[in-house]
Amino acid sequence: MKEVTVYDIAKEAKVSVATVSRVLNGTAPVRDSTRARIEAIIQKHQFQPNALARSLIKKETGIIGVILPDITNPFFPEVFSGAEQEAQKTGHNFFLCNTMGNYAKESEFLTIMQEKRVDGILFMGGRINLKECDPLLVREMVEHANKIPLVLINGSLKNADLTRVVTDEYAGAVSAVKHLIELGHRDIGFIGGENHMSTTSVKIRAFRKTLRDAGLAVREEWILPDSFSVDSGRQQMENLLKLSAKPTAVMCVNDFTAIGAIKTAIEHGLKIPDDLSIVGFDDIPLAHHVIPELTTVSQQANELGRAAVQVLRQLMNKEKVKKRTSLEPQLIVRQSTAQPQ
């Protein structure tokens, strides 16, 4: 049996597709007799417009594309959850793409989203977190943003002038280091993060400046970037504990590295926070389930997702939008930090 389309409804009712559209969406007045005839035909065929039909009628699909680098990292699902809650207000659904940090996959997904005519795109991680991004990758993003409303979350691209929604990571790192200094720590290290990533460089820059502003020494041998994983935190804590002079407190690039660092420190007989204070970053759900519960900096991931959809909705409605929307991070003090013994 042939599937009935909006065109079939229009033909049988002897009206235009635009008139059927007005009846389906209530976008403009339709004569009562015409509306009754169209509604009777719709009822007869039990017609439900599919996504393609809606896109032809309303010039939109009701779908928002989301590109993120690692679905297993709890931070990104938390952002997505906030975005999903906000998008429900307008009935939007999501097309979720996980790139695993592969820039070629990012390009592939951007093309697919254009082909599927998504209404807008939220982009997290990957190329937008590089200190120096390939100009070809930047140009590709700009070209897509010129065709589809696009919002970057917690990232940027030089010379691209794209719309961004971010948490102030610099301010977050400053608050973490100041917390340790206010507790009385004078010997503070830094663990984790990749040097070519902007999120690492921003935090290390804030770390160094906050120490210097407080008149404290920056010990370069105590700054140990590597990656963003639990294993990285474990390995770099191992390296830190091998040094003859050791810090009394450590800031970590994220909560994963902080959890790894805590595990290794405890295995070496240290008590957290009596012997060593540790601060994370992100406030992932696991942060308050580990022992000791982790002091960390919340990026307000859920609110970040909500704000991103709000800004994207403005772009989709062709409203005027600020190029940068910034959320303030929040220091969450728990059990992993204390005064030095």
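Annotation for the range 75-90: no member residue is part of a strand (DSSP E or B) and open to solvent by 20 Å² or more (accessible area, probe 1.4 Å). In the set (1) at pLDDT 90 or above; (2) outside any helix (DSSP H, G or I); (3) surrounded by fewer than 14 Cβ atoms within 10 Å (Cβ to Cβ), the condition left unmet by Cys133 is number (3). Just wondering, is there one or more residues in the range 102-111 that are in contact with a Cys (Cβ under 7 Å, 6 or more places away or on another chain), modelled with pLDDT of 85 or more and closer than 26 Å to His144 by Cα? Within the range 102-111 (the criterion being in contact with a Cys (Cβ under 7 Å, 6 or more places away or on another chain), modelled with pLDDT of 85 or more and closer than 26 Å to His144 by Cα), the answer is yes, since at least one residue qualifies.
Residues that are modelled with pLDDT under 85 and either part of a helix (DSSP H, G or I) or in contact with a strand residue (DSSP E or B) (Cβ under 8 Å, 6 or more places away or on another chain) (or both) within the range 14-41 comprise Val17, Ala18, Val20, Ser21, Arg22, Val23, Leu24, Asn25, listed in sequence order. Is it the case that some residue within the range 193-204 is within 26 Å of Ala338 (Cα to Cα), at pLDDT below 95 and open to solvent by less than 10 Å² (accessible area, probe 1.4 Å)? Checked against the condition, which is being within 26 Å of Ala338 (Cα to Cα), at pLDDT below 95 and open to solvent by less than 10 Å² (accessible area, probe 1.4 Å), the range 193-204 yields at least one hit.
Residue by residue through the range 149-168, note down the ones that are in contact (Cβ under 8 Å) with a residue 40 or more places away in the chain, out of contact with any Asp or Glu (no Cβ under 8 Å at 6 or more places or on another chain) and open to solvent by less than 30 Å² (accessible area, probe 1.4 Å).
Residues satisfying the conditions are Leu150, Val151, Ile153, Gly155, Leu162, Thr163, Val165, Val166.
Pull up the range 107-126, narrow it to residues that are in contact with a Ser or Thr (Cβ under 9 Å, 6 or more places away or on another chain) and either of a type in the set (Phe, Trp, Tyr) or under 19 Å from Asp161 (Cα atoms) (or both), then point me to the one that is surrounded by the most Cβ atoms within 10 Å (Cβ to Cβ). Selected residue: Gly125.
Do we find a residue being under 19 Å from Phe80 (Cα atoms) and buried (at least 17 other Cβ atoms within 10 Å of the Cβ) anywhere in the range 260-279?
No, every residue in the range 260-279 fails to be under 19 Å from Phe80 (Cα atoms) and buried (at least 17 other Cβ atoms within 10 Å of the Cβ).
Could you list, in sequence order, the residues of the range 168-224 that are in contact with a helix residue (DSSP H, G or I) (Cβ under 8 Å, 6 or more places away or on another chain), within 20 Å of Glu328 (Cβ to Cβ) and among the polar types (S, T, N, Q)? Residues satisfying the conditions are Ser198, Thr199, Thr210.
The values are calculated or read from the model by the stated rules, or taken from the named source; none is laboratory data. No experiment lies behind these values; they were computed from the predicted model shown. Because the Cβ atoms are built from the backbone with ideal geometry, glycine has one as well, and the counts that use them run over all protein chains shown. For the accessible areas, the whole protein counts, side chains as well, though only heavy atoms, and no ligand, DNA or RNA atoms are used. Shrake-Rupley method; radii C 1.70, N 1.55, O 1.52, S 1.80 Å.
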